Amino acid sequence: MFRVLLWLVLVWLFLRSVSRLGRGISQGMNAPRQDAPPPAVGLVRDPVCGTYVVPARALSAGTGTEMRFFCSEKCRRAYTSR
C-alpha cells in the first residue's frame, strides 16, 4: 500500500512539473518582443581614478568645453585641488 501511494505522489509531481514547464514555455512564446534595443548611453571617464560614469549621474566641475565628470566627491576634490 505504501509503494502505491509513493508512486502516485511521484507521478503527480512529475505531471505537475511537466504542466508547469509547458505553461512557462507557452507564456514565453507569447510575450511581447522588443524589436529595437534601448539607445546606448555615452560614458565619460573620470580624470582622477579613470572609471567610466554616466554623465547624468556623475558629479561635474567646470563649464562649457572644460566640463569634467567625476565618480565621487573625493575625486572631484582631488581634481580641483591640483
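A short reminder: the numbers here are calculations on the coordinates, not readings from a lab. Fair warning: this is a prediction, and the values are worked out from it, not measured in the lab. In this analysis, Cβ positions are derived from the backbone assuming ideal geometry, glycine residues included, and neighbour counts consider all displayed protein chains.
What list of ³J(HN,Hα) values in whole Hz, one per residue of segment 35-43 in order, does the Karplus curve 6.51 cos²θ - 1.76 cosθ + 1.60 (θ = phi - 60°) give from phi, with Gly and Pro shown as x?
6, 9, x, x, x, 6, 10, x, 9
By count of other Cβ within 10 Å, fewest leading, how are 63, 80 ordered? Each step should come with its number before you reach the end.
On the way: 63 7, 80 11.
Starting with the residue having the fewest Cβ neighbours, the order is 63, 80.
Once you place label points 7 Å from the Cα toward the Cβ at residue 27 and residue 8, how far apart are they in nm?
Once both label points are built, they end up 3.0 nm from each other.
According to the square roots a ≥ b ≥ c of the eigenvalues of the Cα gyration tensor, what is the shape class of segment 22-71, taking rounded for a/c under 1.5, prolate for a/b larger than b/c otherwise, and oblate for the remainder? List each step's numbers first, then the result.
Values: a/c = 5.50, a/b = 3.42, b/c = 1.61.
In terms of gyration-tensor shape, prolate.
Apply the Karplus curve 6.51 cos²θ - 1.76 cosθ + 1.60, θ = phi - 60°, to the phi angles in segment 46-59 and return the couplings in whole Hz, x for Gly and Pro.
Result, ordered by residue: 5, x, 8, 9, x, 7, 9, 10, 7, x, 5, 9, 8, 7 Hz.
For each of 33, 76, 16, count neighbouring Cβ atoms within 10 Å of the residue's Cβ, then give the residues from fewest to most. Display every interim value, and only then the final one.
Numbers: 33 4, 76 20, 16 10.
Listed from fewest to most nearby Cβ atoms, that is 33, 16, 76.
For residue 70, list long-range residues whose amide hydrogen, built 1.01 Å from N in the peptide plane, is under 5 Å from its own amide hydrogen.
When sequence neighbours closer than 5 places are left aside, the close amide H contacts are 59, 60.
On a 0 to 90° scale, report how tilted helix 2-29 is relative to the longest principal axis of the chain, with both axes built from alpha carbons and the result rounded to the nearest 10.
Taking the Cα atoms of the chain, the angle to 2-29 is about 40 degrees.
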